[in-house]
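Can you keep this structure in mind? I'll have questions shortly.
The values are calculated or read from the model by the stated rules, or taken from the named source; none is laboratory data. All values derive from a computational prediction rather than experimental measurement. Here the Cβ positions follow ideal geometry from the backbone for every residue, glycine too, while neighbour counts run over all protein chains shown.
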Amino acid sequence: MKHKNLLFNVLAVLAGITILSLTAADSIKNQDVTLQKTGWTDHDSYHEYFMSIRNNQITGTIDPADVLEAKQMKLKSAGYEPDIVWENAGPDNFGGRTRAVLYDIRDAEYKTIYAASTSGGIWKSVTGGITWESVPGTGNIMNVTSMVQASNGKIYVGTGETFRVFQYSAYPGFMGNGVFVSSETGDNFELLTSTQPVVNDSLSEWAYVNELAVHPSSPSKLYAATHTGLKYSSDGGNSWVTATDIDNNILNFPMLDVKIGSDGITVATGNSRVYISDNGDPENFVNHSTGVLPAGLPFADITRIEAAIAPSNPNYIYCVAAKGGASVGQLENIYLSVNRGETWRVVGPGSSNLFFNLFGPDNIGQYANTILVYPDNPDMILVGGMDMWKGVKVQEDGYYEWLNKTGGSIEPDFIGSKHHSYAFKPDNINTLIIGTDRGIFISTDELKTFQNLNRNYITSQCYSVGFNSGKKMILGTQTNGVLYIPEHGNTNGYAQSFDGNGLNGGHVFMSSVNQQAIIWSRGVPTSSTAQPVPLYRSDDLGQTTALAPFSPINTTITNLLPVMLYWENFDYQHSIDSITYVARDTLEANSTIWVRSENGRYPFQYTLAEDLNAGDSIKIKDKIFTRLFYGIKSTNVQNSVFMTNYGIQFTKPAVWYKILTPTGIPKSMGLSNDGDYFWVGTRDGKLYRLSNMNQAQDSLSADITSDQCKIVTTEVLDFPGRVVTSIAVDPQNNDHVIITLGNYGNDEYVYRSTNATSDDPEFLSVQGNLPKMPIYSSLIEMKNSNIAILGTEMGVFTTTNLNASQVVWIPQNGAMGDVTVVQLKQQLINTPSVTVPIDSVNNETFPGIDNYGRIYAATFGRGIYKTNHFAIVGINELDGSSKKDIVRLNIYPNPASQNVFIEYNTTKPGQVKVNISDLSGRSVLQKDYRIINSDNNVLQLDISNLKKGVYLISLDNSESIISNKLIVK
């Protein structure tokens, strides 16, 4: 399939559906229409963000059959042997959304705990939660929603959830794989084949299992609350039937919760109603939501009900009801029946100011809603939403007394907002495990204090990763804000939070010019008045935030994760910025001096063209250069992309230039290695190319409001209603570009151009055998243009031959499992450490890069992974700290195929030897040179006989050896 420029519109090729007659409204179902609703929150924007990427652009929903087809295609490609080894890089002390926790009854001391994340899979601790490890063999069991243990020791795991769906689509949650069960004594979880979702079935039973329940004394009796109804099994899950009520009405609508009491009484919720089977018979359910208290519960405008049965008295049934309709997510009431559902009363009033904050100001009752009855006291309960509240009966007929147990703002009291699961330790009710959006917490003293139990529970939901050198990273996460992993933490993955817990972090960057400098963003919450967009920078790794204004605009509301791109160049010849150098001493022409850039005071060398007397000054081009791009949607300004060249100049306000006003919300960006071509993809399917960026250097030449603007903008592609999720520009070739798309229900998701900078660029599908699913991120490997890497909903896929007529994509997940990979980045900067004199005694060292070629993956459920599979290791230092002669090595072109030129700057003529060795250390080419000039010498070396690959090239002048990396293509 081909795509050319705007003249070739893709209206007729999306998933084989003719959409020429679509109205404008039809074509933007996946855009930001819901952003305008009253009370829109940062929490809502998280769901809307994924909806825009995942939901079909025509229907506005996800057909489970499309997801299943993609999963089946992924399984067919699983026979290839992955060769990329991924290493988890943290964070290992922050967790992600956890919907299931349980104590293992097979452990008499109850030190064994299982926990499960909605996007990070199944985890186990044998130390009472002190440390965790992923359960082996469960890398394909990611989207876990429920977990129960039978009396025989078997653990059942449900996957896929449908919460928070009413306003987005039929099923926007990440789809599951059915129900899995362990052995009675081990962890070898296997799929119950009776629950495997069926391909090509739009209902796709077992794709979403919201809750499981097992009979406490009959381990073969199970209930499952699924999106297609309430399922019952009497044989341990080998076969299932759909439950009915006493009038033989099938309960085949979405069910959200199910619980079984000690005597078998079963309570299930769904369709805004509560159903009870007094004896657990699957054909004996009675609807107890008749609308009028005390005989029945209300059902109008109810969206989610969570139920609990008192372990010590199964006559006690509690229900927490969250509102639907205009007040969606608010607390309706907490109800109690002491007679198995015959009558009900309110024990937690939703209208009470005292109890107003159960679901918080964001009204998250559909998303976070849990309840647990104390095992020894039917009149005492815990309910969770934004925080944990304890309810205790104080009078026979009145409301319970309610105490907020986790409402503190700092650790350890702030244990994490949005609670999903509670579990008492079976032999000690003073100990409680808590599953939240921020992972796992514990209280061992009757809820007086809480401790973080996230050590090695690596389930963080990451949106982005930033790095420069070494182990340092910053991460933008869901709920955990922006995290910093230092060079020397308690562990390799130990993270620190500097942007506030409970918040969503956005795109993040670390500077290689100034390795103390970082830039980060957050989503923009609703505000009645325009506020600066939350874009921040720091020159001390987040300890303080720079005071100089940084935000490009003010706005009242915008999209989650405003797209950003940050670029640095250590030898940028197009800069119009200059540095004034004042000579302390008289200097002769051809003298080499050190100059400090305005960007991080980074030093570089400059050779004087003429004599310079003491006290004289000259202006020198500042070739250390940075650029930051920021794309935003706003309600009070048009969609815009801004650019600044002053991102790490902290003492003055950043000067921003508006460079694009696209029709849709900016979603993805790409930049050529030389900085001259900038690409923008949007959430309405447009792809823009901005050319001549190297000539855009100030408000006249860079801002599109100027009639002297040098930027040339071309709308290259249009995929109506779809999302252009990522853009990858080949570091070796500006003409080589890959774009990826979102939205289930289509046939093509990856396109490639080899003439992208031409007047008439052509993009061809390279879908090949890739499963038909949204792609989130992409890159073209820096030294091999045939290798592309994709981050998808089912992990990482790679190809080693983009030129093939049928491109073969291979899953490369390894240890990370089938987790959603939201962002991929490769370290393209390769600079040595530089040591320069400050005065006659002291020196200053600027660290170099030691991770050149390393690839990082930000996953939505398992933190950050990295691989050195494509890395090039080792680079010497550039030392100018002494007053000795300075020697410098530079090679070009790099990569090269025929000849390489070695630039050798010295003040001492003499004999030098150039050696090229492979990465094993074996010398493959040597040549001697006689240096006559005390100046900048250029040595030519024929490398045409070398095989493609990565080599180490070194120059030996008998006093020192200077090395660099050479890539032969």
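From LYS866, LYS913, LYS927, grab the single residue that is assigned to a strand (DSSP E or B), under 36 Å from the mean Cα position of the chain (by Cα) and at pLDDT 85 or above.
LYS866
Here's something else I'd like to know. Taking ALA295 as meeting all but one of (1) part of a strand (DSSP E or B); (2) in contact with a Ser or Thr (Cβ under 9 Å, 6 or more places away or on another chain); (3) free of Cβ contacts under 8 Å to residues at least 60 places away in the same chain, write down the number of the exception.
It is condition (1) that ALA295 fails.
Mind listing just one residue for me: the one in the stretch 577-603 that is within 25 Å of ALA546 (Cα to Cα) and in contact (Cβ under 8 Å) with a residue 60 or more places away in the chain and, of those, surrounded by the fewest Cβ atoms within 10 Å (Cβ to Cβ)?
Only one residue fits best here, namely ARG601.
Among the strands (runs of 3 or more DSSP E) lying completely within the stretch 220-274, list those that include at least 1 residues that are closer than 15 Å to THR195 by Cα and among the small types (Gly, Ala, Ser).
By residue number, 222-226, 229-233.
Go through the stretch 608-647 and report how many residues are in contact (Cβ under 8 Å) with a residue 40 or more places away in the chain, out of contact with any Lys or Arg (no Cβ under 7 Å at 6 or more places or on another chain) and under 19 Å from ARG522 (Cβ atoms).
Number satisfying all stated conditions: 11.
Here's the yes/no breakdown for (1) at pLDDT below 95; (2) over 16 Å from VAL508 (Cα atoms); (3) under 34 Å from the mean Cα position of the chain (by Cα):
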position	(1), (2), (3)
LEU541	yes, no, yes
PRO549	yes, yes, yes
LEU561	yes, no, yes
ASN569	no, yes, yes
ARG584	yes, yes, no
ASN590	yes, yes, no
ILE593	yes, yes, no
TYR602	no, yes, yes
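From the list VAL819, VAL808, pick out the single residue that is surrounded by fewer than 19 Cβ atoms within 10 Å (Cβ to Cβ), assigned to a loop (DSSP other than H, G, I, E, B) and hydrophobic (A, V, I, L, M, F, W, C).
Just one listed residue meets the conditions, VAL808.
Mind checking which residues of the stretch 324-333 are free of Cβ contacts under 8 Å to residues at least 60 places away in the same chain and either crowded, with 19+ Cβ neighbours inside 10 Å or part of a strand (DSSP E or B) (or both)?
GLY329, GLN330, LEU331, GLU332, ASN333
What tally of residues in the stretch 431-447 results from selecting those that are part of a strand (DSSP E or B) and closer than 16 Å to GLU109 by Cβ?
Of the residues in that region, 3 qualify.
Evaluate the following for LYS908: is it closer than 22 Å to LEU828 by Cβ and charged (D, E, K, R)?
no
At pLDDT 90 or above, out of contact with any helix residue (DSSP H, G or I) (no Cβ under 7 Å at 6 or more places or on another chain), surrounded by fewer than 21 Cβ atoms within 10 Å (Cβ to Cβ) and assigned by TED's automatic domain parsing to the domain that holds ILE787, is that true of ASP850?
When the stated conditions are applied, ASP850 passes them.
So, MET473, is that one more than 27 Å from ASP698 (Cα to Cα), surrounded by 19 or more Cβ atoms within 10 Å (Cβ to Cβ) and at pLDDT 90 or above or not?
yes
Evaluate the following for ASP935: is it surrounded by fewer than 18 Cβ atoms within 10 Å (Cβ to Cβ), modelled with pLDDT of 85 or more and under 17 Å from ASN890 (Cα atoms)?
Taking the combined requirement at face value, the residue does not satisfy it.
Going through the stretch 407-432 one residue at a time, which ones are surrounded by 13 or more Cβ atoms within 10 Å (Cβ to Cβ) and at pLDDT 90 or above?
Matches in the stretch 407-432: LYS418, HIS419, HIS420, SER421, TYR422, ALA423, PHE424, LYS425, PRO426, ILE429, THR431, LEU432.
Is there any pair linking a residue in the stretch 114-141 that is assigned to a strand (DSSP E or B) to one that is polar (S, T, N, Q), with Cβ under 6 Å and at least six apart or on different chains, and which?
Partner pairs satisfying both residue conditions: ALA115/THR98; SER117/THR98; SER117/THR459; GLY121/THR138; ILE122/THR138; TRP123/SER134.
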